[in-house]
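Engineer: Following this message is one structure expressed as structure tokens.
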Amino acid sequence: MDKRTLSSQVLSLFEGIWIGEGRGEFPGVTSFSYRETLVYTRRDKNSLTYEQKTQKLYDGKAEYLPSHAETGSIRMLENGELELISAQTGRNEVLLGSVEPVGTTFRIHFVSKSITNDPRMVSSTRTFELDGDALRYEMGMHTTKVERLTPHLKIALQRMK
């Protein structure tokens with residue numbers, strides 16, 4: 001299967017509402033649990049939009065608090081690679097990635113191409129693994145204070161619709 005066909009197939013598989021729980025950590029940050037809702041909507045045959053809402057539960061606390069919101073899009077480029085554009089409070093990111101089939105799973109590894117409005121950020125990565133109605137996602141960051149790419153977020157989500 002060529003890159004464009006594979007990427008188009010994966011974009012279709014992302015469509016829907018995904019809910020899950022994960023864990024976050026990073027040097028200098030208090031570890032936390034979090035829950036997240038991701039909504040992916042197909043715009044056209046080569047792109048989809050997404051909306052993400054996250055609530056954190058800091059270690060030792062009893063209540064989840066709203067913490068992060070993000071909107072963006074994933075689109076297929078002419079060469080079959082995928083481009084993820086993310087708008088967050090105080091930061092915008094453009095990441096490039098490609099689809100890799102691994103058994104019944106599709107893996108997309110995105111690497112930042114540009115990050116704006118946040119001088120602390122040097123680079124970031126996001127890796128998605130899509131297997132039927134299960135979606136796993138990890139994020140890594142390299143900042144001016146942490147001088148190498150370091151794991152930050154890890155979550156498992158289930159498709160709700």
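Laboratory data are not the source of any read-out in this text; all were calculated from the coordinates shown. It should be emphasised that the depicted structure is a prediction, and the values quoted were computed from it without experimental measurement. Cβ atoms come from the backbone with ideal geometry, glycine included; neighbour counts cover every protein chain shown.
Engineer: For every helix of n ≥ 4 consecutive DSSP H residues, a contribution of -39,500 (n - 2.57) applies; sum these over the chain, divide by its total residues, and give [θ] at 222 nm rounded to the nearest 500 deg cm²/dmol.
Structural biologist: -2500 deg cm²/dmol
Engineer: Under 11 Å from the Cβ of K45, count the other residues' Cβ atoms, weight Lys and Arg +1, Asp and Glu -1, and hand me the total.
Structural biologist: +3
Engineer: While we're here: Return the sequence-ordered ³J(HN,Hα) values of segment 137-149 in whole Hz as given by the Karplus equation 6.51 cos²θ - 1.76 cosθ + 1.60 applied to θ = phi - 60°, using x for Gly and Pro.
Structural biologist: Values per residue, Gly and Pro as x: 8, 10, 10, x, 9, 10, 10, 5, 9, 10, 7, 8, 5 Hz.
Engineer: Could you list R43, R4 in order of exposure, starting from the residue whose Cβ has the fewest other Cβ atoms within 10 Å?
Structural biologist: Ranking R43, R4 by Cβ neighbours within 10 Å, fewest first, gives R43, R4.
Engineer: Show me, for segment 101-113, the HN-Hα J-couplings you get by feeding each phi into the Karplus relation (A = 6.51, B = -1.76, C = 1.60, θ = phi - 60°), rounded to Hz, glycine and proline as x.
Structural biologist: For segment 101-113, the Karplus-derived couplings read x, 9, x, 8, 9, 10, 10, 10, 10, 9, 10, 5, 9 Hz, x marking Gly and Pro.
Engineer: So, with +1 on the Cβ of K and R and -1 on the Cβ of D and E, and no other charges, what is the size of the charge dipole of the chain about its Cα centre, to the nearest 20 debye?
Structural biologist: Using only the charged Cβ atoms, the result is roughly 140 debye.
Engineer: Next up: What's the local net charge at L11, with K and R +1, D and E -1, over the other residues with C-beta under 11 Å away?
Structural biologist: Taking every Cβ under 11 Å from that of L11, the sum is +3.
Engineer: Mind listing the phi-derived Karplus ³J(HN,Hα) values for segment 26-35, rounded to whole Hz, using 6.51, -1.76 and 1.60 with θ = phi - 60°, and x for any glycine or proline?
Structural biologist: 5, x, x, 10, 5, 4, 8, 9, 8, 10
Engineer: Along the positive direction of the dipole of segment 3-159 (beta-carbon charges: Lys, Arg +1; Asp, Glu -1; about the Cα centre), which of N117, H142, Q52 reaches farthest?
Structural biologist: N117
Engineer: Among (i) 2, 9, 17, 22, 22, 15, 9, 4, 1, 0; (ii) 1, 8, 17, 20, 19, 15, 9, 5, 3, 2, 1, 0, 0; (iii) 1, 4, 5, 5, 4, 5, 4, 4, 5, 5, 5, 4, 5, 4, 4, 4, 3, 3, 3, 3, 2, 2, 2, 2, 2, 2, 2, 1, 1, 1, 0, 0, 0, 0, find the value of P(r) over Cα pairs in 5 Å bins from 0, in percent that was calculated from the structure presented, and write down its label.
Structural biologist: (i)
Engineer: In degrees between 0 and 90, to the nearest 10, how far off the longest principal axis of the chain does helix 3-14 point, with axes built from Cα atoms?
Structural biologist: On a 0 to 90 degree scale, this one is about 50.
Engineer: May I pose another question? Which of K3/K56; K3/K113; K61/K154; K53/K113; K61/K113; K3/K154 have a Cα-Cα distance over 29 Å?
Structural biologist: Among K3/K56; K3/K113; K61/K154; K53/K113; K61/K113; K3/K154, the Cα-Cα distance tops 29 Å for K3/K56; K61/K113.
Engineer: A further question follows. Hey, quick one: spin label on T89, modelled 7 Å out along Cα-Cβ, who in segment 27-56 has an amide N within reach, i.e. under 19 Å?
Structural biologist: 29-39, 51-56
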